[in-house]
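A quick write-up on the structure given underneath.
The values are calculated or read from the model by the stated rules, or taken from the named source; none is laboratory data. Since we're looking at a predicted model, the values are computed, not measured. Here the Cβ positions follow ideal geometry from the backbone for every residue, glycine too, while neighbour counts run over all protein chains shown. The area values use the complete protein model at the heavy-atom level, side chains included, leaving out ligands, DNA and RNA. Shrake-Rupley method; radii C 1.70, N 1.55, O 1.52, S 1.80 Å.
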Number of protein chains: 2
Amino acid sequence: MKILLAYSLFFVIFHSTIAQSTIEQWDRFELTLKYQSKVNAFTNVNLKATFTNKDTSYTIAGFYDGNDNFIIRFMPQKMGTWNYVTQSNIAALNNKKGTFECIKATGNNHGMVKVSDVYAFKYADGKPYFPLGTTSYAWTHMPNEVQELTLKTLKNSGFNKIRMGVFPKNYDLVKEEPTLFPYELLEVKKDANGKEVKVWDFTKFNPEFFQHLEKRIDNLRDLGIETDLIIFHPYDKGRWRFDEMPMEANLNYIQYLTARLSSFRNIWWSLANEYDYVKSKTDADWLTLTKAVVKNDPYRHLCSIHGSTAKYFDYWRPEFTHVSVQDEAPVMNWGAASIARNIYNKPIIYDEVGYEGNLKQRWGRYSGEEMNHLIWMGIIGGTYVTHGESYMFKDHRDTIFWAKGGEFKGTSWKRVAFLRTILEEINTPLEPADISRDSKIVTNGKGVYLIYFGKEINQQWLFNLPQKNAEFGKPKKGNRYKVEIIDTWEMTTKVVPNTFELSEVNDYRLYDKDLKQVRLPLKPYLALRITEIPN
Amino acid sequence: MKILLAYSLFFVIFHSTIAQSTIEQWDRFELTLKYQSKVNAFTNVNLKATFTNKDTSYTIAGFYDGNDNFIIRFMPQKMGTWNYVTQSNIAALNNKKGTFECIKATGNNHGMVKVSDVYAFKYADGKPYFPLGTTSYAWTHMPNEVQELTLKTLKNSGFNKIRMGVFPKNYDLVKEEPTLFPYELLEVKKDANGKEVKVWDFTKFNPEFFQHLEKRIDNLRDLGIETDLIIFHPYDKGRWRFDEMPMEANLNYIQYLTARLSSFRNIWWSLANEYDYVKSKTDADWLTLTKAVVKNDPYRHLCSIHGSTAKYFDYWRPEFTHVSVQDEAPVMNWGAASIARNIYNKPIIYDEVGYEGNLKQRWGRYSGEEMNHLIWMGIIGGTYVTHGESYMFKDHRDTIFWAKGGEFKGTSWKRVAFLRTILEEINTPLEPADISRDSKIVTNGKGVYLIYFGKEINQQWLFNLPQKNAEFGKPKKGNRYKVEIIDTWEMTTKVVPNTFELSEVNDYRLYDKDLKQVRLPLKPYLALRITEIPN
């Protein structure tokens, strides 16, 4: 919803007449005020508004969007009547008042994703959210037809999150020059080697750049995809130098970005990708920048930071809602994924564990089987793993999904959609049932277990459950269960015809009273879903 | 060294005449002052002393030791002349002055163990320290002949650390009643069930109890063994109730304990064993108690806290010098031990991963092979694992080493001594060479590598090293190496007759130029030590 409050001689003030419009809870209310600034409107105009609903109020920063447009966006967290009033150092923008009605969300609008049950996530409306994301760092900087293709690809996938950057990427295999830049160009210089160097005015944003980004985030929202937005990254290497702006420019950028985007319900903040490779910033700088994001975000979107391999930032700090780490060892080995979970008591997302692909770099050449396996290894540790794909068939101009989007060329992406159906059927978070002792079983505490055999090939499996059931009530003699064999690779689920009934505890485990076994196909990557049958 | 400053009519003040004695650096200077307090000397007498050596000064708390003895103990960190002067609310104890000479340490006196190189330890004199400890929670509360036997057993072992508690232990299989208690007995009551309950005066310590503990800590020091002293534990279950004293009593106890023991160079503070099982204390309480220990310890001994399985306290807090955690998953699986290391950037000691033994509980029934394997799994992750043994051959009156000491009856303890010789020969900390990618190799950065094969049985091993060498210089083409095959179980080291020479990097690895292999015996638990041959 957009409201335009006019300023000029040619318009009458009409906001009072249209103020009683309605928007859905967690949708975006947008107020546009017109004012012609004679000086830099980005730096010389302060604008905010207070939105009030009974005893709840939010003070929301506005921003300059170019063309004399000053915008304030607001995402109502509560239904009912909201009143607002603006405050500005510019009389024409000050004390503008209005009201709107916030109504119940419909359709796919479930609100923001938040942390739930310590280690998991839920939408604001209570619907569980299982992060099954992919990665495409610079897809919004590719030619428009590639962007449209990326959206089509995502639409036909099962992903519900994507990691992507605000800034363009300059990296091995990613050399595309974007058409839009976040700042106004001051001049193009030649450096000592005669190379052209763009010089930016860090006090003047390019609204068109951000409008485009916003369009893409809304496109993702319409597909039910969360945007894990990377605010800084090191993949610049002197080309545009967005990784080495002065600290004041970094903070202005965060202020501007959060003013524009906090009202987008599908935004997560990722302070950086591979933060420790950004040589111009210290750990203290990162903390300052993180605090700035949190301070400027009235809704407290999910927020984390991501480093190079096995680099763990101070994720225990309250600013970080979850762990978003690059590390493959935790999901390459049994029992390892849960360690970070036990340490942080926050949701753990292994947001980079390598990519399915055919690159010569070791991070970019997993088989589809391996990628799918690692994602399941995360689930069986009570954590989450992000997908990525890096196939290059011709040369660096290929759209390698990892950075550019386009189409998936691999095999694991489909399996992620299958896993999502499994998790959404269970529809409650999964916890390691017998922590540090049995690393192949998770429980939802309500009678559903998932067992994953990984690369093991077994002819049969002796039905048994651990006595320990996370922090939930222990399974009891007489409990009966249904078993389904899940082939995570073939994406099939087959119900075992027998049911199983627990006998008493024997050495920390409960077996079927007749020691019944489950016959398994001689294949790797199998899982079992075990579901209690109500009496 | 003990100095007695007399107070009574029968003694002359003689401290000035003996003040110029000498003690070794990191040894214990002890000043005893006599005063007959008419009221509770533990609570009504304040005593401290300031020790000064040029621009360095320490203010050290004294304590009441019974029999009208007030003691101040000091561990000089610097050589040279130290002057001291006492301060007290009692005139007879106030303004006592003296001086002594601190000389170079000799023999096995290497000073306190401190953190070094982020993840490792060193004695104060620079000698590297590799923690290879064992566990005997209540050995100092057993009959005296068992205590003497424990010391003899430790003397003939390779352990250089022991985890032990201040308080006695009441637990399944550990029912022995101690002869000494830390507090003065007020009365013996009968509870509702007619059971005798000891009621303590928490304002009056029993000096004899602490003198005995100190004797044992000194015995350990003489054996070169660090005392990882557990200040609180949950193994009381209403019997003596030292686990549920009021907070004020807890803090007084810490004050008294640190005043008595901080000057012991082989002390480490372990705030608790299985802290989360102490139901009377919250995480906030533990932090308060930890801060009290740190505040009262002028020398900043190593300090940590230990929880139940997979329970990680806030080890990132600066009070904790290292991680002392109970968790087996990190050393049961490749690549998992390093995760906590990467997260905390502190030394990691897996201080409880289960015990070699024959108990019916799953924590107490590892084979010797398994215990030895887990200790090596720690080393190959750049971390440390503590040994433990829990054999019971008759009944609970057996001296199960884990709680009571006595003799070792297992097989892994000898292998720990062997491992210690390996680590001390290398004599520099070992770091994962290629973190999160190759979990079987550690490097000292100076041309020495350790590779551990665990339970793998290999006929041969193709000589190769990772290109990555932790943060150290990478191995280069032309480097030559000697290889030794270490049988961690048979405790043998065999030099391979060939030498090996690196070729250029091939896909992140460097192989021998002739692709030479190392022939291996078909046995598990083998390791290789690879040592660069200087050109």
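General observations
- Check on A:SER338, surrounded by 20 or more Cβ atoms within 10 Å (Cβ to Cβ), modelled with pLDDT of 95 or more and away from chain B (no Cβ under 14 Å): no
- Restricting attention to the stretch A:2-37, the residues that are part of a loop (DSSP other than H, G, I, E, B), loosely packed, with under 13 Cβ neighbours inside 10 Å and modelled with pLDDT under 95 add up to 8.
- Just one of the listed residues (A:ASN144, A:ASN156) is closer than 16 Å to A:LYS414 by Cβ and surrounded by fewer than 23 Cβ atoms within 10 Å (Cβ to Cβ), and it is A:ASN156.
- Listed by first and then second residue, the pairs with beta-carbon distance under 7 Å, at least 6 apart or on different chains, first residue in the stretch A:54-75 and closer than 16 Å to A:ALA92 by Cβ, second modelled with pLDDT of 95 or more and assigned to a loop (DSSP other than H, G, I, E, B), are A:TYR64/A:VAL45; A:ASP68/A:TYR35; A:ASP68/A:GLN36; A:PHE70/A:TYR35; A:PHE70/A:VAL45; A:ILE71/A:ASP65.
- Complete set of residues in the stretch A:402-418 that are in contact with an Asp or Glu (Cβ under 8 Å, 6 or more places away or on another chain) and assigned to a helix (DSSP H, G or I): A:TRP402, A:LYS404, A:SER412, A:TRP413
- Residue within the stretch A:356-372 that is under 18 Å from the mean Cα position of the chain (by Cα), at negative phi and crowded, with 22+ Cβ neighbours inside 10 Å present: no
- Checked against (1) assigned to a strand (DSSP E or B); (2) touching a residue at least 40 places away in the same chain (Cβ under 8 Å), A:ASP218 passes all but a single condition, namely (1).
- Looking across the stretch A:287-304, the residues that are crowded, with 23+ Cβ neighbours inside 10 Å and either of a type in the set (Ser, Thr, Tyr) or within 14 Å of chain B (Cβ to nearest Cβ) (or both) come down to A:THR290, A:SER304.
Here's the yes/no breakdown for (1) surrounded by fewer than 21 Cβ atoms within 10 Å (Cβ to Cβ); (2) farther than 16 Å from B:ALA527 by Cα:
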residue	(1), (2)
B:GLU389	no, yes
B:GLY410	no, yes
B:TRP413	no, yes
B:THR421	yes, no
B:GLU471	yes, yes
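- Residue identified as modelled with pLDDT of 95 or more, under 24 Å from B:ASN266 (Cβ atoms) and more than 19 Å from the chain's Cα centre (by Cα) among B:LYS295, B:LYS346: B:LYS295
- Test: residue in the stretch B:371-380 that is within 14 Å of chain A (Cβ to nearest Cβ) and not in a helix (DSSP H, G or I): yes
- Among (1) touching a Lys or Arg at 6+ places or on another chain (Cβ under 6 Å); (2) closer than 21 Å to B:ASP351 by Cα; (3) open to solvent by 10 Å² or more (accessible area, probe 1.4 Å), the one test that B:ASP228 misses: (3)
- Top-ranked residue in the stretch A:305-330 [being more than 18 Å from A:GLU274 (Cβ to Cβ) and more than 10 Å from every other protein chain (Cβ to nearest Cβ); ranked as surrounded by the most Cβ atoms within 10 Å (Cβ to Cβ)]: A:THR321
- Among residues of the stretch A:155-198, those that are in contact (Cβ under 8 Å) with a residue 60 or more places away in the chain and within 25 Å of A:HIS306 (Cα to Cα), counted: 21
- Checking each residue in the stretch B:359-368 for being more than 9 Å from chain A (Cβ to nearest Cβ) and either among the small types (Gly, Ala, Ser) or out of contact with any helix residue (DSSP H, G or I) (no Cβ under 8 Å at 6 or more places or on another chain) (or both) picks out B:LEU359, B:GLN361, B:TRP363, B:GLY364, B:ARG365, B:SER367, B:GLY368.
- Qualifying residue in the stretch B:457-468 (condition: open to solvent by less than 20 Å² (accessible area, probe 1.4 Å) and either among the charged types (D, E, K, R) or touching a Pro at 6+ places or on another chain (Cβ under 7 Å) (or both)): yes
- Residues in the stretch A:75-93 that are open to solvent by less than 10 Å² (accessible area, probe 1.4 Å), of a type outside the set (Ser, Thr, Tyr) and part of a strand (DSSP E or B): A:TRP82 alone.
- In this structure, B:ARG437 does not satisfy being within 19 Å of the chain's Cα centre (by Cα) and surrounded by fewer than 21 Cβ atoms within 10 Å (Cβ to Cβ).
- So A:GLU484, is it within 14 Å of chain B (Cβ to nearest Cβ), among the acidic types (Asp, Glu) and under 29 Å from A:VAL118 (Cβ atoms): no
- Selection from the stretch B:440-456 of residues that are within 14 Å of chain A (Cβ to nearest Cβ), touching a strand residue (DSSP E or B) at 6+ places or on another chain (Cβ under 7 Å) and open to solvent by 20 Å² or more (accessible area, probe 1.4 Å): B:LYS440
- Residue count for the stretch B:94-122 satisfying the condition of being open to solvent by 30 Å² or more (accessible area, probe 1.4 Å) and not β-branched (Val, Ile, Thr): 13.
- Test: residue in the stretch B:264-282 that is buried (at least 22 other Cβ atoms within 10 Å of the Cβ), in contact with a strand residue (DSSP E or B) (Cβ under 6 Å, 6 or more places away or on another chain), among the charged types (D, E, K, R) and at pLDDT 95 or above: no
- All positions within the stretch B:132-175 that are outside any strand (DSSP E or B) and of a type in the set (D, E, K, R): B:GLU145, B:GLU148, B:LYS152, B:LYS155, B:LYS169, B:ASP172, B:LYS175
- In the stretch A:521-533, of all residues being surrounded by fewer than 19 Cβ atoms within 10 Å (Cβ to Cβ) and either in contact with a Phe, Trp or Tyr (Cβ under 6 Å, 6 or more places away or on another chain) or without any contact (Cβ under 8 Å) to a residue 60 or more places away in the chain (or both), the one that is farthest from A:LEU423 (Cα to Cα) corresponds to A:PRO521.
Residues are listed down the side, and each one gets a yes or a no for (1) under 19 Å from the mean Cα position of the chain (by Cα); (2) not acidic (Asp, Glu):
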position: A:ASP172; (1), (2): no, no
position: A:PRO178; (1), (2): no, yes
position: A:LEU185; (1), (2): no, yes
position: A:LEU213; (1), (2): yes, yes
position: A:ILE217; (1), (2): yes, yes
position: A:MET247; (1), (2): no, yes
position: A:LEU261; (1), (2): yes, yes
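- Screening B:ASP398 with (1) part of a loop (DSSP other than H, G, I, E, B); (2) acidic (Asp, Glu); (3) touching a Ser or Thr at 6+ places or on another chain (Cβ under 6 Å) gives one miss only, at (3).
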